[in-house]
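Down below is the structure, laid out as structure tokens.
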Amino acid sequence: MKKHFTIITVTVLSYFISTGCACNRTSTSNLMVDNQQIVTPLHPETLRPDCDTLVITCIDYRFAVANQNFINETLHLKDTYDHISIPGSIFNLVNPETRDLVFSKFALTVKFHLVNRVVIISHKDCGAYGGSSTFGSELAEKEILCDDLKNAKALFLEKYPALDVDLYLESLSQEGDEIKVHFEKIH
């Protein structure tokens with residue numbers, strides 16, 4: 001009885017799947033009618049075989065626009081860098097359990113794009129660390145994040161001694177009616 005039920009079920013499902021697919025057949029030209037093609041110009045600098053710099057940031061949306069402005073305008077890297085955005089920025093890099101996986105992604109850009117500089121941007125109130133409250137105080141948070149940034153730099157230099165590595169710590173601050181992002185270079 002169970003075998004008979006399975007055969008009937010498979011037969012009925014096959015019928016509906018094939019009928020559904022047949023009913024939904026639309027020509028390629030009809031599918032393209034509503035699609036729009038978007039074209040953006042390519043900056044001449046991006047035609048180079050290398051990009052010089054790898055920028056590593058956290059995925060936190062609160063910092064995304066400020067990060068792009070800082071990278072493009074303040075660091076003058078517009079159209080000349082690879083950008084890897086990962087949760088926690090450096091959290092997974094300094095963690096021995098996830099370090100190899102993270103470094104494998106960095107190795108590709110260093111090798112293929114002839115990267116000679118790495119810019120690492122970490123931020124306060126990072127969810128990967130559990131947020132600011134995890135640290136107990138602002139001073140402890142800054143100290144731990146700065147130590148992790150310096151450890152990340154040491155790890156990069158251990159694998160790629162010729163790299164220049166720049167470190168930045170960013171934070172949010174209320175200034176009047178605006179919330180601003182501050183970048184601090186870490187030495």
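No value in this document is a laboratory result; all are computed from the given coordinates. Quantities reported herein were computed from a predicted structural model and do not represent experimental measurements. Virtual Cβ from ideal backbone geometry, glycine too; neighbours counted across all protein chains shown.
A few remarks follow.
- The HN-Hα couplings worked out from phi for the stretch 168-178 by the Karplus form 6.51 cos²θ - 1.76 cosθ + 1.60 (θ = phi - 60°) are 9, 10, 10, 8, 9, 9, 7, 10, x, 8, 10 Hz, whole numbers, x standing for Gly and Pro.
- Qualifying aspartates and glutamates (Cα of each under 19 Å from Cα of LYS159; at least 8 residues distant if same chain): ASP52, ASP82, GLU97, ASP100, ASP147, ASP148
- Positive minus negative residues near VAL118 (Lys, Arg vs Asp, Glu; Cβ under 11 Å): -1
- Under 5 Å, built H, 5+ apart or other chain: amide partners of VAL119: LEU54, VAL55, ILE56, ASP166
- Straightening the chain between LYS159 and SER85 buys 24.6 nm, computed as 0.36 nm per residue apart minus the Cα-Cα spacing.
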